[in-house]
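Student: Sharing a structure with you now.
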Number of protein chains: 2
Amino acid sequence: MGFSTDDALAPKVSEGFHLSDLDPATTPGLSADDNLDKEFAQHDDELGELQENLFASKAGSVLVILQGMDTSGKGGMIERLLKPMSPLGTRVVAFGAPTKEEREQDFLWRVRPHLPKAGEIAVFDRSHYEDVLIQKVESMADPAEIERRYAAISDFESEIAASGTTIIKVFLHISREFQYENLVERLTNPEKMWKYDPADLVARSKWEEYMTAYQIAMERTSTDDAPWYVIPGDDKTYARMVVKHLLVDALRDLERPWPGLGEGVDADEELEKLKKS
Amino acid sequence: MGFSTDDALAPKVSEGFHLSDLDPATTPGLSADDNLDKEFAQHDDELGELQENLFASKAGSVLVILQGMDTSGKGGMIERLLKPMSPLGTRVVAFGAPTKEEREQDFLWRVRPHLPKAGEIAVFDRSHYEDVLIQKVESMADPAEIERRYAAISDFESEIAASGTTIIKVFLHISREFQYENLVERLTNPEKMWKYDPADLVARSKWEEYMTAYQIAMERTSTDDAPWYVIPGDDKTYARMVVKHLLVDALRDLERPWPGLGEGVDADEELEKLKKS
């Protein structure tokens, strides 16, 4: 296997990173003779074990934030990522357009109740970043408010990280051409039509503005506590594998010895009681 | 395959059903030459398809209520049941002992916010039935209040069913001997010790009282809208397969043609716009 996690981590956003330099059709770290299917399957058992260990130890929690343009494969990514793990310790939260009630509050208000508890892994399908992406591109908030939000997000995430949550922020970076193919599929395959939203074309027509909004948002909020990873997304299998590696890495850091029986509980005594019961 | 869904449905609770007549170690409907692994895998693709179809059509929702004594395999059941489906349309809710705030409300208060939305499948890991099971056995509520709750539950569930939710209530029926083996495993396997709770022995010591409480609760609340199924649970693989069959049946009834594009949206027009974009 020529693929290493370090290679996958290459597209971490830090000073000097430019989105426009990264081709969505590339697969950094992957050599031609790698077998993606095998790479993809190999960590599934470990992922299941590590998630159960975290659920048992409650040594921390993990928050994966997934962002991407329409049809970038967020749904499929979430399915594949969570499949090896127990639904009892994992949770997906999809953030749609805010409701009237949500719009009347600060933009972070609706996010807080969905943060992972100790032992949990939560995946956000879109997130509070929409408030500095679509809201910036569509001028739904004024520039000073957008500016305030970058700082508010960094404070918010640093507080979450300090409370024991590992934050992984992923931008699934697809090309405009790849989106074209995906939209054609939605418009022509009867089983996919329900996913098509005419508003997708509006966002598509402002592609460069979105890329600029992503670039700025990531620059302003990629920190050691809550780094952004930009994953080339035109090869879905590759993207899924990279994100899985990121999660495995995070969970390995959180692995602890299995908790024993509760304090003051003695195995032999309990076995005696059990035998007599 | 000698196993049919009708056979699996045999242990549906209706008049004259007695829990004590059903041996937890049996596997009704299964003949000796059936290959359980194959049976178990065969519906996974269909389950994934049907769940996505429900998510798309929003033709209804499904609520699976799982009850059982400690170590009856509810966790493993949930994992295997949900694995073939997307976490975006499925949800697990584990009901533990009620908090102080919850105890100050009617017992159904904490349940309502977790009901599945249209298109969703929710699985309750324990439920409002605890309020007529442990609360009855441990005399945590007086008999008149327990009596009131049976009727309140039936009204509640019939209201949910009328709003479009298919309700499947499952009691995983294990034997006292099977629980013994499972508790020994928890007390001796270092990776399982965290699951052991000394309180399990208290419930175990009142086994017959629990069986009586289950019998009465199921008699009083098994309706056409919200039937109870008693699944012999000593053979975990068998129990999982039967519950999967129940879910497949429910989802087949909810299957609808795939929704098309939104009203007034024309595929050819959109394709034209897309090509020019």
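Student: When Rg is the radius of gyration of the Cα atoms in the protein assembly as shown and Rh is its Kirkwood radius, what does Rg/Rh come to?
Tutor: On the way: Rg = 25.4 Å, Rh = 25.8 Å.
Value, to two decimals: 0.98.
Student: Going by amide H atoms built from the backbone, whose H comes under 5 Å of the H on A:Lys169, apart from near neighbours?
Tutor: Correct list: A:Ile65, A:Tyr229.
Student: Any chance you could give the angle, 0 to 90 degrees and rounded to 10, that helix B:176-188 forms with the longest Cα principal axis of chain B?
Tutor: Rounded to the nearest ten degrees, it is 80.
Student: A follow-up question, please. Relative to the longest principal axis of the C-alpha atoms of chain B, give the angle of the C-alpha long axis of helix B:143-162, reported between 0 and 90° and rounded to the nearest 10°.
Tutor: 20
Student: Let me ask something else about it. List, shortest first and in nm to one decimal, how far the label point of A:Gly164 (7 Å from Cα along Cα→Cβ) is from its counterparts in the other copies.
Tutor: Copy-to-copy label distances for A:Gly164: 4.0 nm.
Student: Counting just the Cα atoms, what span does the stretch B:150-258 cover along each of its three principal axes? Round to the nearest Å and put the largest first.
Tutor: Per principal axis, max minus min of the Cα coordinates gives 51, 35, 22 Å.
Student: Gaussian network model of chain A, Cα springs within a sub-10 Å range: biggest mean-square fluctuation belongs to which of A:Gly16, A:Gly233, A:Gly264?
Tutor: Its mean-square fluctuation being the largest, the pick is A:Gly264.
Student: Separate question: So what's the angle, to the nearest 10 degrees on a 0 to 90 scale, between helix B:207-221 and the longest Cα principal axis of chain B?
Tutor: 40
Student: Across peptide A:186-193, what mean number of C-beta atoms from other chains lies inside 10 Å of a residue's C-beta? Provide the component values of the computation, followed by the final result.
Tutor: Values: counts 4, 10, 2, 1, 6, 6, 2, 8.
Mean partner shielding for this stretch: 5.
Student: Given A:Lys117/A:Lys244; B:Lys12/B:Lys244; A:Lys169/B:Lys236; A:Lys276/B:Lys12; A:Lys169/B:Lys100; A:Lys83/B:Lys195, which pairs have Cα atoms separated by over 27 Å?
Tutor: Numbers: A:Lys117/A:Lys244 21 Å; B:Lys12/B:Lys244 15 Å; A:Lys169/B:Lys236 38 Å; A:Lys276/B:Lys12 34 Å; A:Lys169/B:Lys100 36 Å; A:Lys83/B:Lys195 22 Å.
Pairs exceeding the cut-off: A:Lys169/B:Lys236; A:Lys276/B:Lys12; A:Lys169/B:Lys100.
Student: Tell me the distances, shortest first, between A:Pro257 and the same position across the other copies, using label points 7 Å along Cα→Cβ, in nm to one decimal.
Tutor: For A:Pro257, the inter-copy label distances come out at 6.4 nm.
Student: I'd like the mean, over residues of A:129-141, of how many other protein chain beta carbons sit within 10 Å of each residue's own Cβ.
Tutor: Working: counts 0, 0, 0, 0, 0, 0, 0, 0, 0, 0, 0, 0, 0.
That average works out to 0.
Student: Right, next: For B:Asp23 and B:Leu271 in one chain, what is 0.36 nm times their gap in residues minus the Cα-Cα distance, to one decimal in nm?
Tutor: Values: separation 248, 0.36 × 248 = 89.28 nm, distance 6.07 nm.
Length gained between B:Asp23 and B:Leu271: 83.2 nm.
Student: Here is a further query. Just to be sure I understand the model, the point goes 7 Å from the Cα along the line to the Cβ. What's the resulting A:Asp34 to A:Lys12 distance in nm?
Tutor: Modelled inter-label distance: 1.7 nm.
Student: Name the residue, out of A:Leu254, A:Leu201, A:Leu19, whose mean-square fluctuation peaks in a Gaussian network model built on chain A with Cα pairs under 10 Å.
Tutor: Comparing A:Leu254, A:Leu201, A:Leu19 in a Gaussian network model of chain A, the most mobile one is A:Leu201.
Student: Taking Rh as the Kirkwood radius computed over C-alpha pairs, what is the Stokes-Einstein D of the stretch A:5-276 at 37 °C in a medium of viscosity 0.692 mPa s, expressed in µm² per second?
Tutor: Values: Rh = 20.2 Å.
Diffusion coefficient, whole number: 163 µm²/s.
Student: So, one more: If each label sits 7 angstrom from Cα along the C-beta direction, how far apart, in nm, is A:Asp142 from its counterparts in the other copies?
Tutor: A:Asp142 label point versus its equivalents elsewhere: 6.3 nm.
Student: So for the protein assembly as shown: antiparallel DSSP bridges make up what percent, rounded to the nearest 5?
Tutor: Percentage antiparallel, nearest 5: 5.
Student: Determine ³J(HN,Hα), in whole Hz, for all residues of the stretch A:235-246 in sequence, where each value follows from phi through the Karplus function 6.51 cos²θ - 1.76 cosθ + 1.60 and θ = phi - 60°; x replaces Gly and Pro.
Tutor: Listing the rounded values in order: 9, 4, 4, 4, 4, 5, 5, 4, 5, 4, 4, 4 Hz.
Where a number appears in this text, it was derived from the coordinates with a stated rule and is not lab data. Not measured: the values here are computed from a predicted model. No Cβ is skipped: glycine too gets one built from the backbone with ideal geometry, and neighbour counts run over all protein chains shown.
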